[in-house]
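The values are calculated or read from the model by the stated rules, or taken from the named source; none is laboratory data. As the structure is a prediction and not an experimental result, all values here were calculated from the model. Neighbour counts run over all protein chains shown; Cβ positions are idealised from the backbone, glycine included. Surface accessibility is based on the protein's heavy atoms, side chains included, excluding ligands, DNA and RNA. Shrake-Rupley method; radii C 1.70, N 1.55, O 1.52, S 1.80 Å.
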There are 4 protein chains.
Amino acid sequence: MPQMMNAFVMPEVGKTAVTQKPIPEPGPEEAVVRTTAALICTSDVHTVKGALPVAPGVTLGHEAVGVVHALGSAVEGFTEGQRVAVNAVTPCFRCEYCQSGFTSQCGGPLGGYRYTAQVDGNMAEYFVVPAAKGNLAPIPDELSDEKAAYCCDMLSTGFMGAEHARIGLGETVAVFAQGPVGLSATIGANLLGAGRVIAVESRPERQELARRFGADDVVDFTHGDAVEQIMDLTGGVGVDAAIEAFGFPQTFEACVRVTKAGGRVSNIGYHGENPEPLTLPLDAFGLGMADKSIHTGLCPGGNTRMARLFQLLLSGRVDPTPMTTHRFGFDDIETAFSMMQDKTDGIVKPLITFA
Amino acid sequence: MPQMMNAFVMPEVGKTAVTQKPIPEPGPEEAVVRTTAALICTSDVHTVKGALPVAPGVTLGHEAVGVVHALGSAVEGFTEGQRVAVNAVTPCFRCEYCQSGFTSQCGGPLGGYRYTAQVDGNMAEYFVVPAAKGNLAPIPDELSDEKAAYCCDMLSTGFMGAEHARIGLGETVAVFAQGPVGLSATIGANLLGAGRVIAVESRPERQELARRFGADDVVDFTHGDAVEQIMDLTGGVGVDAAIEAFGFPQTFEACVRVTKAGGRVSNIGYHGENPEPLTLPLDAFGLGMADKSIHTGLCPGGNTRMARLFQLLLSGRVDPTPMTTHRFGFDDIETAFSMMQDKTDGIVKPLITFA
Amino acid sequence: MPQMMNAFVMPEVGKTAVTQKPIPEPGPEEAVVRTTAALICTSDVHTVKGALPVAPGVTLGHEAVGVVHALGSAVEGFTEGQRVAVNAVTPCFRCEYCQSGFTSQCGGPLGGYRYTAQVDGNMAEYFVVPAAKGNLAPIPDELSDEKAAYCCDMLSTGFMGAEHARIGLGETVAVFAQGPVGLSATIGANLLGAGRVIAVESRPERQELARRFGADDVVDFTHGDAVEQIMDLTGGVGVDAAIEAFGFPQTFEACVRVTKAGGRVSNIGYHGENPEPLTLPLDAFGLGMADKSIHTGLCPGGNTRMARLFQLLLSGRVDPTPMTTHRFGFDDIETAFSMMQDKTDGIVKPLITFA
Amino acid sequence: MPQMMNAFVMPEVGKTAVTQKPIPEPGPEEAVVRTTAALICTSDVHTVKGALPVAPGVTLGHEAVGVVHALGSAVEGFTEGQRVAVNAVTPCFRCEYCQSGFTSQCGGPLGGYRYTAQVDGNMAEYFVVPAAKGNLAPIPDELSDEKAAYCCDMLSTGFMGAEHARIGLGETVAVFAQGPVGLSATIGANLLGAGRVIAVESRPERQELARRFGADDVVDFTHGDAVEQIMDLTGGVGVDAAIEAFGFPQTFEACVRVTKAGGRVSNIGYHGENPEPLTLPLDAFGLGMADKSIHTGLCPGGNTRMARLFQLLLSGRVDPTPMTTHRFGFDDIETAFSMMQDKTDGIVKPLITFA
């Protein structure tokens, strides 16, 4: 009889539960990790609302760290007991999309996002890691589980938003919405040479975090049209790049509006909640001739990416932990998830620790 | 009293006329060119329909070649009588946008497009060339006026469409619409390493030109949905890049639909005729996470660009003249323009020669 | 007892032989291919001269096509009997270097080049393919073994030379030496938008091939200094990019000399024969400030690259077979190899077919 | 009779003097600036040693700020009395090289570097600014002359060194030599996302500055071979990119040696003092096949670049003033220059102010 573990699952749309599942065993190229800490992502809230067609009873979660529990027969270079993090995206690295440099699209659109979407997620006491050679990221001794966990999705996605914005040294960047991914984009814009970062956010505690993470200006859209405020702040010229971290057509359109000719819109918002198409207003889009460009993407995975993110944390250049507003044991996962659903008590990111 | 010349003008929206204007004189950094040949562009048709707010009586035209008639006091390196072409876009090269590499956005959105939009166009016996040092492009002796004229807009714009598509060697590219700019994009996709070019077009004579210019497949959207046909041709996978050379929201959306994850949409269509915004369907756009990108731009100008285009013609790698379906003297400019408005007699591109 | 096969090996430096080895068996992620055709590469000549430290008795060869003989237990998506080609470089796709986009440097410098260097090569009746999912390239029915074999190294390497030269549309490119890789670079420069290609070569039959493959000018260095001739051909200005396909310090230096400020030198020559360091002359290198850049690389592998190269052949855009000057059965491999060593009878590339 | 001004000139190789020259007058596209502050550059020391062939009596200096004294007839958008900085490189923006994006190579190799090399420099009470529209950079009120002056060469060059290193987020970068340009590269590597910066320097005060500007490790080459120390620090792997800010063949070679496969060497050192060619050791250069690349360049100019650098200073992200070790009035220019020649008293960068 297999040994059992606890897993936080979605029995059906709109429901969650903690249930028992067998501890998984690794295939030849896989590993199994025993979870020590995890973060809850708003994507899981979307999933439970029904945004993603998933198998009933699938385990939720995709931001977890732990220790190597078992290694597949073909996996070399790791040892059981080693501390590791695993990115939310776990590519095969070998398909056409991976070879073309789009590892997040492994096998097809969004295909690198396996946890919950295709297989059991990792808000559980144990989880499987595909293509372990490329996806197991050893955590340096000096790095806490908490910090490492931020690399699994938040920092990798937010920084990608800034990378896709192709920021020139000293350029001005607007970041729409300062949830954990938007905050990470604010950090990322600073890491990549922005001369000015304008954050759009209305909640005071997130405005405060935005400033702490390097925003020069904070625009509160409850105090007036965000586009107008940004145009005013930039002398009517607009920004060089805008990062969409909210996931709504209006915000996306605002990004197009605030960028100057030659500007870049970088999308990291998840547009799965609102069924309307995104729109590009003709005037702001320069009739399709203003040298504006739009870039999209999904959390870059792989342990090489993870190692570089770890280095940014280790050296003290980045510290995302001020985003951790709440801490729970895995026993309280349902309370934590419920708070993320309702965004109560100023919650930004809750850390879940496993006994 | 100034010497007078004939100019083809737009007295008001919906009207055209040939009228007399003074032969212009160059400012210190300008030149004046005596026109020898020109091409009519469908953009001018749009302008006459009222798509662009222009001064009443403005001269039309932006694809002209000629000989240097007069040089401003500060212009060195050219001689009167020298054969030259001038791109539709004439940047200053020195403003913020030009220094940032967006010379077509000189001074602001679409600002490098001066002829007709800001100053008199060049469908006239003489015309002014701003920033002559960078905008007068000497025509090599071996190159005909006709070939050189294609570099002023058609080839430069169409090739930009292919450049912005960032085609990897051997990749598959779809080009929507095979008017002169779309045909130029088809040539361009071949010049830049495409392994397969799928052209979308319904008119037989343009389909024929598309094949002649290197299209491997021609999709006729009157025989079924173009998106479906392209998906079928690519085994359900889609293309690496799609070039929009039509200027309609449906075509733009089709470009998003036919590109695979990681694909690029490159817009060269003029979206000034249709007031509806462009839309990005969420599924095809991968909820904003499929690593798709969208690129836009406006005809790249400058005599360095022109010299490189000339070299492609001189060496025989490119010959756009099969697009010249009709030839007229400037005396017949109104007939020619009327045919372009109605697209009669299978017209693709009419060449206008000046006595 | 294992079944045996014939293999063309290097018993010691300076010697070659055909010997019997066991037919290999695939590991879980590997495949074994039965060879049907192969090309001999001058790299193997270098290896036999002692340029590379290899195991005594190692099998030579790295440009082979065949049919799938056996598949490892974890390999999906292929069938036994399927026609396949395998690139000279067979990355794991999962190590740090592969994840960073440098798959040819898999595991470390030049590490993706496994055949002969690390394991048995494929000038044998059967050979092993590591990471089969990413390295087995199905050959389309319409494509001959001969054409497919050119993708294993010659075209992939030569085209990379042109890709690394970052050729702008219509730019001028010099390609030094017109052996099979240099000829492939000449094809590649044309594929990627060059407006003028200047080939440097002294042997008449290779000059002829260069012209056939798109060289506009051929410079014969036995008729005068190649640098001077290229400067003359370009009006004293030099070229935008130079590709080194010879592998000597003098040629490399000439590439630096003929490029204009802002120019790129792309190296594809193998510099393992000559022990002297490459040198960058200070004047031509602009004292390190002329915006010149130097790029290097090793044959890009992977079946996605291969599929794109196949598409260029299938569509008729590229046909490398005029390089096949000689054809032999595997029985005559030693004769063929000896001719490649001495470059007799105008040999460019000999095709070896297996019974 | 023209009004006279004082200028710091080089009467002949090895000599300097302060002499009287007429206050210059601007041509139509030029401006004349009255100098208020300037920095002395070691390049001028090289020039006085004879490294650059210059006209006898030419004025030295190329890092100056001031106020607009006179504007040419064709210059719009500026006012007399306005505070401005002017980059060491003053491109025309319109020649072939400028249009190709290589504005520092305006007109040909290193041609954008006009001051002292082609015309009088700006270590004088007044100086001429060519192509004023693109080269006059208004200084924001809140920005001191001193800070602005660092943008004229030091920061623009040092940051270019980091830009050319194409640093991926979290990558490791070595910067060889921590003079003012090397220190600026250290700042730049941090601005552009490096996860670890290793500075090579032996002088304690420069080591201290390097740490202050973000170096994680400082390697002292007087304590052992720098290459070995860097390999040790990186676990034998080497760095992703190395920046040469010293200008010697040995340092350049060390940069090649410490970069891993796929790594970039970015040169900002001036190699005009040592007549030997730079060398690329074959093993470290991977026989020309290790995907290493080498990039070079010269201080990027233009007021758009300057405005972005100003923004980095204004926002507090960058403060180069700790490099200002000494301050002099223009009366003491010869003392200051002499100290720069001999590098006495721990001098890094002396600021010269004008009455």
| said: Which of the numbered conditions does A:ASP225 fail, given that it passes all the others? Conditions: (1) more than 9 Å from every other protein chain (Cβ to nearest Cβ); (2) farther than 28 Å from D:THR304 by Cα; (3) touching a residue at least 40 places away in the same chain (Cβ under 8 Å). | reply: (3)
| C:GLY77 versus (1) within 24 Å of C:GLY111 (Cα to Cα); (2) in a loop (DSSP other than H, G, I, E, B): which is the lone unmet condition? | (1)
| query | Among the residues of region D:274-299 satisfying the criterion of being buried (at least 21 other Cβ atoms within 10 Å of the Cβ) and hydroxyl-bearing (Ser, Thr, Tyr), which is nearest to D:SER156 (Cα to Cα)? | reply | D:THR296
| said: Just to be sure I understand the filter: pairs with C-beta atoms under 7 Å, separated by 6 or more residues or on different chains, first member in region A:175-198 and away from chain D (no Cβ under 14 Å), second member in a loop (DSSP other than H, G, I, E, B) and open to solvent by less than 10 Å² (accessible area, probe 1.4 Å). Which pairs pass? | reply: A:PRO180/A:VAL348
| task | Would you please name the residue that is most open to solvent (accessible area, probe 1.4 Å), looking only at residues in region C:28-37 that are part of a strand (DSSP E or B) and farther than 9 Å from C:PHE127 by Cα? | result | C:THR36
| Of the conditions (1) over 19 Å from B:LEU192 (Cα atoms); (2) open to solvent by less than 10 Å² (accessible area, probe 1.4 Å), C:ALA162 fails just one. Which one is it? | (1)
| said: Checking the structure you have, find out if any residue of region C:241-263 is open to solvent by less than 40 Å² (accessible area, probe 1.4 Å) and within 30 Å of C:ALA17 (Cβ to Cβ). | reply: yes
| task | Consider only pairs whose beta carbons are under 6 Å apart and that are at least six residues apart or on different chains; among these, list those whose first residue lies in region A:331-345 and is under 14 Å from A:THR42 (Cα atoms) and whose second residue is open to solvent by less than 80 Å² (accessible area, probe 1.4 Å) and part of a helix (DSSP H, G or I). | result | A:MET340/A:VAL45; A:GLN341/A:VAL45
| message | Going residue by residue through region C:334-346, is there one that turns out to be basic (Lys, Arg), open to solvent by 20 Å² or more (accessible area, probe 1.4 Å) and within 30 Å of C:GLN99 (Cα to Cα)? | response | no
| query | Which fully enclosed helices (runs of 4 or more DSSP H) of region B:245-355 have 3 or more residues being over 17 Å from B:MET160 (Cβ atoms)? | reply | B:249-258, B:333-342
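Looking only at region C:165-174, count how many residues are within 14 Å of chain B (Cβ to nearest Cβ) and either open to solvent by less than 10 Å² (accessible area, probe 1.4 Å) or without any contact (Cβ under 8 Å) to a residue 60 or more places away in the chain (or both). Outline the logic, then answer.
Narrowing region C:165-174 to residues within 14 Å of chain B (Cβ to nearest Cβ): C:165-173.
From the residues that got through so far, the ones that are either open to solvent by less than 10 Å² (accessible area, probe 1.4 Å) or without any contact (Cβ under 8 Å) to a residue 60 or more places away in the chain (or both) too are C:165, C:169-170, C:173.
Total satisfying the criteria: 4.
Okay, residues lined up against (1) within 19 Å of A:ARG114 (Cβ to Cβ); (2) modelled with pLDDT of 95 or more; (3) part of a loop (DSSP other than H, G, I, E, B):
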position	(1), (2), (3)
A:MET1	no, no, yes
A:PRO26	yes, yes, yes
A:SER43	yes, no, no
A:THR47	yes, no, no
A:ALA51	yes, no, yes
A:VAL67	no, yes, no
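Examine region D:299-318 for a residue that is within 14 Å of another protein chain (Cβ to nearest Cβ), in contact with a His (Cβ under 7 Å, 6 or more places away or on another chain) and among the polar types (S, T, N, Q), and state whether such a residue exists. Don't jump to the end; show me each part of the working.
Keep residues of region D:299-318 that are within 14 Å of another protein chain (Cβ to nearest Cβ), which gives D:299-318.
Add one more test, that the residue is in contact with a His (Cβ under 7 Å, 6 or more places away or on another chain), and what stays is none.
The answer is no, given that none of the residues of region D:299-318 is within 14 Å of another protein chain (Cβ to nearest Cβ), in contact with a His (Cβ under 7 Å, 6 or more places away or on another chain) and among the polar types (S, T, N, Q).
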| task | Would you mention how many residues in region C:199-217 are closer than 22 Å to C:GLY316 by Cα, among the charged types (D, E, K, R) and either free of Cβ contacts under 8 Å to residues at least 60 places away in the same chain or not assigned by TED's automatic domain parsing to the domain that holds C:LEU233 (or both)? | result | 3
| query | What are the residues in region C:232-251 that are away from every other protein chain (no Cβ under 11 Å) and free of Cβ contacts under 8 Å to residues at least 60 places away in the same chain, if any? | reply | C:ASP232, C:LEU233, C:GLY235, C:GLN250
| If C:GLY112 passes every condition in (1) outside any helix (DSSP H, G or I); (2) more than 14 Å from chain A (Cβ to nearest Cβ); (3) under 15 Å from the mean Cα position of the chain (by Cα) but one, which one does it miss? | (2)
| Residue list for region D:132-152, restricted to those being open to solvent by 10 Å² or more (accessible area, probe 1.4 Å), part of a loop (DSSP other than H, G, I, E, B) and within 14 Å of another protein chain (Cβ to nearest Cβ) | D:PRO140, D:GLU142
| field | Candidate set from region D:219-237 (those that are under 27 Å from the mean Cα position of the chain (by Cα) and under 27 Å from C:TYR113 (Cβ atoms)); member that is most open to solvent (accessible area, probe 1.4 Å) | value | D:VAL227
| message | Taking the criterion of being open to solvent by 30 Å² or more (accessible area, probe 1.4 Å), assigned to a loop (DSSP other than H, G, I, E, B) and more than 29 Å from C:TYR97 (Cβ to Cβ), would at least one residue in region D:203-218 satisfy it? | response | yes
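For C:GLY302, are the conditions met, namely being in contact with a helix residue (DSSP H, G or I) (Cβ under 9 Å, 6 or more places away or on another chain), crowded, with 22+ Cβ neighbours inside 10 Å and under 26 Å from C:GLY108 (Cα atoms)?
Numbers: in contact with a helix residue (DSSP H, G or I) (Cβ under 9 Å, 6 or more places away or on another chain): yes; crowded, with 22+ Cβ neighbours inside 10 Å: yes; under 26 Å from C:GLY108 (Cα atoms): yes.
Judged against the criteria, C:GLY302 is a match.
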| field | Hits in region A:85-108 (condition: surrounded by fewer than 24 Cβ atoms within 10 Å (Cβ to Cβ) and either part of a strand (DSSP E or B) or more than 8 Å from chain C (Cβ to nearest Cβ) (or both)) | value | A:GLY107, A:GLY108
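In region D:68-84, what residues are under 22 Å from the mean Cα position of the chain (by Cα) and open to solvent by 20 Å² or more (accessible area, probe 1.4 Å)? Before you say what the answer is, go through the steps one by one.
Restricting attention to region D:68-84, the residues satisfying the condition of being under 22 Å from the mean Cα position of the chain (by Cα) are D:83-84.
D:ARG83 - this is the single residue of region D:68-84 that is under 22 Å from the mean Cα position of the chain (by Cα) and open to solvent by 20 Å² or more (accessible area, probe 1.4 Å).
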| note | Contact list, first residue from region D:258-282 and more than 20 Å from C:GLY297 (Cβ to Cβ), second anywhere and assigned to a strand (DSSP E or B) and open to solvent by 20 Å² or more (accessible area, probe 1.4 Å), beta-carbon distance below 6 Å, six or more apart or interchain, is D:PRO277/C:THR279; D:THR279/C:THR279
